[in-house]
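The values are calculated or read from the model by the stated rules, or taken from the named source; none is laboratory data. This one's a predicted model, so the numbers in the text were calculated from it and none came from an experiment. Don't worry about glycine lacking a Cβ; one is built from the backbone with ideal geometry, like all the others, and counts go over all protein chains shown.
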There are 2 protein chains.
Amino acid sequence: MKKATGADQSHPLFRQVCEFILNRMQRGEWKAHDKLPSIRLLAEELKVHRLTVFKAYRVLTEDGKVYVKDKSGYYVSPGDRALGDGSSEGAAVSTYSLTNPLSDIQRMPVQYQFSQALIDPNLLPNLFLSDYVKKVFDLYPKVMGTYSSVQGDEELRETLSRHFHDQHRLQLSPQELLITSGAQQAINLIAGIVLGPMDNVLVERPTYSVAMDIFRRAGARLIPVEITPQGYDLEAVEELMRRHKPRMFYMNPTHHNPTGYTVPARQRKLMVELAERYRCLLVEDDPFRDMYFGEKPPPPFFAYDTEGWVIYISSFSKYVAPGLRICAVACRYPFMERLITAKSLADNGTPLLNQKIFLHYYTSPRLQGHLGKLRIALQVHKEIVEEELASAGWEWTAPEGGLNLWVKLPESISVAALFDRSMEQSISFIPGEICDPLGEMKSWLRLSYSFASEGVLREGIRRLVMLAGQLEK
Amino acid sequence: MKKATGADQSHPLFRQVCEFILNRMQRGEWKAHDKLPSIRLLAEELKVHRLTVFKAYRVLTEDGKVYVKDKSGYYVSPGDRALGDGSSEGAAVSTYSLTNPLSDIQRMPVQYQFSQALIDPNLLPNLFLSDYVKKVFDLYPKVMGTYSSVQGDEELRETLSRHFHDQHRLQLSPQELLITSGAQQAINLIAGIVLGPMDNVLVERPTYSVAMDIFRRAGARLIPVEITPQGYDLEAVEELMRRHKPRMFYMNPTHHNPTGYTVPARQRKLMVELAERYRCLLVEDDPFRDMYFGEKPPPPFFAYDTEGWVIYISSFSKYVAPGLRICAVACRYPFMERLITAKSLADNGTPLLNQKIFLHYYTSPRLQGHLGKLRIALQVHKEIVEEELASAGWEWTAPEGGLNLWVKLPESISVAALFDRSMEQSISFIPGEICDPLGEMKSWLRLSYSFASEGVLREGIRRLVMLAGQLEK
């Protein structure tokens, strides 16, 4: 489903080099019968060992993508239609390869929607929100005619700065906050500032697949960091930082997507020290913090940072009004200057209307009540799935928060086959390999329990388990 | 103010190579006393002639950025603080250099705002819009809880597809339209799909500076195409396409920003043929079409395209509710597939609320009346500026539409000095060199007459002319 592109020892570097070469071919830069760069040259360009390039060329030769001529070097094979990916039909515009398999799955309409980590719209305070909108128009009659400042509405940033102080004791001025249109835009902007071709980036294994797609588009190499119910193996992380000098570590340490794991407090401080020592930016994506089932999670990594090595992405609008797409990014100067410029290039500012509506709901006394009810509803949803899975022989660690269950199926069931069958039956989920930087984890899948209503959830999971039973070898 | 980065004969390629090297230094990839790549290697990597790299190294050596040692090669000079641009203070995160001088100017609050090509909020139907918002909430009570599809709300795309057919006879299905958060996001997404390091891109001279900033961030080379009141010199464009094989031509051919010029109809068909022949995507940015003062402008380039070589960016929300940030991009498959994926990575879809509000206002009978009034108001604004400039000895071609006047000052006045003085006096405008891919046009400036109210406009221009008189040598 997805080619592996990690770069640790279990996923050798030559695959990255293969993809680099295939990408150039795909874009038509290196055409049929073109001579490819010498091993020495390419090794120098990509800063890899010559043997790595040699191995990549050999694999591509075996695959028929490349041929050898007269001992003079490597050439692009002709007529490989698989490479063209449509670029030779219609306007043959040479493009970068972009992928987003998660979005591809989510774009398919299904009856039993377990692939979207979104809240059931019926659990949101819809009618109440519409009152707030009217209030916004009374307060700011020209809101529709005005652009926001690039960094975001000042009133909203002041409010959030107080919120972060009260909730997590973060010392953050409004100037250290930037408003984006959703957390994904934040990840995209940060990647655009930090990552370039062949840069190394640490990602959890498994992780949010769209972040990987963004980093791959930037040409970066993904280096996996295992995440378990106990958090990270800090010694292993240090070794990766020392060896690969990653520019950043994209992390989602609180009710992690897709696993639901939370990195314990004692690791947070140590990790920030590692980041400082190895000059590796920690990009902390924190959308699930408010959705805990038992105890509140530990403070964000950002709370332990004094030197500006953590960028904190906080996207609470998911639980309030996902349609508004409001997210706050906290970071220190001078990085903030770059982030403002990146945002100015990306879309010149998030719509003011959305910021003002969010602000007024966010400061309302009703918010805490809504969040409390939502937490209970999600826990009920989670328990429905666990009940239906109880007798299936599948394995999972019960999450203490978040929107997803990360489930391991017995070896006797092929998740890929189950995915095909269940899509036919209008049931969607996310196959685990999509979330794995190594493209493995083929026995795993992610079930989002937040979107379907209780009845649909129970019925859909029941059907899914039944389908899996039919596939069992 | 801005380093030139064009690549035609008047702006030699070695400057690009210099910037490439400086950028690596700035990011800290090449540190003090590091040995730089040999001339041969760098020439091969950048696909330029060795003499070009030689010249770049020589210039950098003369500038003290680079030094030569023992005939063994070139090395990075130490302690050049100018290169650091803050990255050595606080968290020394190595970042790509991003610039957006237009946004930097526009972020400064001034009393006489002539740098923003935005509509005076008082000219927008604010109260009327608030009624529409209430209507939207009655129709779609859960709009705030729902994400839009990545491509955009289907109802809106169907409406726009009919609109494009009725207005310009464009045959466009809703599947050939994508909704973005403003035209700038559209430019950014397209650049992300098409442009990579050292790719060539044609841009008008002068042009919208933020588009250049986006293309530069992608590492592309800007190649200027002169635009005059008569349009383009098609022979010159053909020569540029033949010689430089640009991947795309970013154009704004209707009431062009900043000049106000409109490319005549007879050139449009011919240009589309050139695009096809030389496989150069035309990216047609068309935000000013509805703001004509006399005759309606000729049909878009897109209307002449049968093979999918034109991408059409249509951002009418500027005249309706700029705060909504709604823009439509029209293109054919397979490019549309890539655009949807790019949008899914960038922000996963424009907020549904904004799309629905826009849809309902856009289909209202009041829209045409509003646009008619707005055209008259803008023409009055334009004439106020022209009256105040009449006796100043400045030169311009009266625009037949749009929001800007592109003015040439006498040689005896320094626009750079005028800019500094006028900012002190709380008057803003855009210096011409920012709009020039070559960084020249130092006698020009852009005055946006759409944002300030009539009284402020007259008073501010009067003051500006007075300041200029004081600076005259």
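Here A:Gly401 meets the list (1) over 26 Å from the mean Cα position of the chain (by Cα); (2) at pLDDT 95 or above almost entirely, failing just condition (1).
Close contacts from segment B:454-466, counting a first residue that is more than 13 Å from B:Glu386 (Cβ to Cβ) and a second that is of a type in the set (Gly, Ala, Ser) and crowded, with 16+ Cβ neighbours inside 10 Å, with Cβ to Cβ under 7 Å and a gap of 6+ residues or different chains, come to B:Gly460/B:Ala452; B:Leu464/B:Ser422. Scanning segment B:103-159 for residues that are surrounded by fewer than 18 Cβ atoms within 10 Å (Cβ to Cβ), within 7 Å of another protein chain (Cβ to nearest Cβ) and assigned to a helix (DSSP H, G or I) returns B:Leu127, B:Lys134. Summed over segment A:187-204, the residues that are within 14 Å of chain B (Cβ to nearest Cβ), buried (at least 23 other Cβ atoms within 10 Å of the Cβ) and not in a helix (DSSP H, G or I) give a count of 2. Residues that are closer than 29 Å to B:Ala183 by Cβ and at the interface with chain B (Cβ under 8 Å from one of its Cβ atoms) within segment A:286-333 comprise A:Ala321, A:Pro322, A:Gly323, A:Leu324, A:Arg325, listed in sequence order.
Each row is one residue, and each column tells you yes or no for (1) surrounded by fewer than 24 Cβ atoms within 10 Å (Cβ to Cβ); (2) over 19 Å from A:Arg157 (Cβ atoms).
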position: A:Pro297; (1), (2): yes, yes
position: A:Ala303; (1), (2): yes, no
position: A:Val310; (1), (2): no, no
position: A:Ser315; (1), (2): yes, no
position: A:Ala321; (1), (2): no, no
position: A:Ile326; (1), (2): no, no
position: A:Arg332; (1), (2): yes, no
position: A:Glu337; (1), (2): yes, no
position: A:Lys343; (1), (2): no, no
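With respect to A:Leu445, determine if the residue is without any contact (Cβ under 8 Å) to a residue 40 or more places away in the chain, under 24 Å from the mean Cα position of the chain (by Cα) and under 29 Å from A:Gly231 (Cβ atoms). In short, yes.
Suppose we keep only residues that are of a type in the set (Ser, Thr, Tyr) and assigned to a helix (DSSP H, G or I) within segment B:52-86. Which one would you say is modelled with the lowest pLDDT?
Applying the first criterion (of a type in the set (Ser, Thr, Tyr)) to segment B:52-86 yields B:52, B:57, B:61, B:67, B:72, B:74-75, B:77.
Of the ones still in play, those that are also assigned to a helix (DSSP H, G or I) are B:52, B:57, B:61.
On the way: B:Thr52: 81, B:Tyr57: 86, B:Thr61: 84.
Among residues in segment B:52-86 that are of a type in the set (Ser, Thr, Tyr) and assigned to a helix (DSSP H, G or I), the one modelled with the lowest pLDDT is B:Thr52.
For segment A:361-381, check the following and say yes or no: at least one residue is of a type in the set (A, V, I, L, M, F, W, C), buried (at least 23 other Cβ atoms within 10 Å of the Cβ) and within 14 Å of another protein chain (Cβ to nearest Cβ). No, that holds for no residue.
Scan segment A:345-396 for residues that are under 30 Å from B:Leu189 (Cα atoms), part of a loop (DSSP other than H, G, I, E, B) and not small (Gly, Ala, Ser) and report the count.
Residues that pass the stated criteria total 4.
Residues in segment B:51-69 that are within 19 Å of B:His33 (Cβ to Cβ) and among the aromatic types (Phe, Trp, Tyr): B:Tyr57, B:Tyr67.
Residues in segment A:51-69 that are surrounded by 14 or more Cβ atoms within 10 Å (Cβ to Cβ) and either basic (Lys, Arg) or within 10 Å of chain B (Cβ to nearest Cβ) (or both): A:Lys55, A:Arg58, A:Lys65.
If we scan segment A:253-262, do we find a residue that is at pLDDT below 95 and either buried (at least 19 other Cβ atoms within 10 Å of the Cβ) or at negative phi (or both)? Walk me through how you get there before you give the answer.
Going residue by residue through segment A:253-262, those that are at pLDDT below 95 are none.
The answer is no; no qualifying residue exists.
Against the conditions (1) touching a helix residue (DSSP H, G or I) at 6+ places or on another chain (Cβ under 6 Å); (2) over 20 Å from A:Arg332 (Cβ atoms), where does A:Met248 fall short? Just the number, please. Result: A:Met248 passes all but (2). Among the conditions (1) without any contact (Cβ under 8 Å) to a residue 12 or more places away in the chain; (2) crowded, with 24+ Cβ neighbours inside 10 Å, B:Val283 misses just one, which is (1).
Taken together, the residues in segment A:164-184 that are of a type outside the set (Lys, Arg), in contact (Cβ under 8 Å) with a residue 40 or more places away in the chain and more than 14 Å from every other protein chain (Cβ to nearest Cβ) amount to 5.
Which of the following residues is β-branched (Val, Ile, Thr), part of a loop (DSSP other than H, G, I, E, B) and farther than 25 Å from A:Val17 by Cα: A:Thr207, A:Thr254? Before the answer, list the steps.
Working: A:Thr207 fails: farther than 25 Å from A:Val17 by Cα.
Only one candidate passes the filter, namely A:Thr254.
With the condition kept exactly as written, say whether any residue in segment A:225-232 is free of Cβ contacts under 8 Å to residues at least 60 places away in the same chain, closer than 24 Å to B:Gly28 by Cα and surrounded by fewer than 24 Cβ atoms within 10 Å (Cβ to Cβ). No, that holds for no residue. Evaluation of B:Ser412 against the conditions (1) more than 28 Å from B:Tyr250 (Cβ to Cβ); (2) crowded, with 17+ Cβ neighbours inside 10 Å shows that the sole unmet condition is (2).
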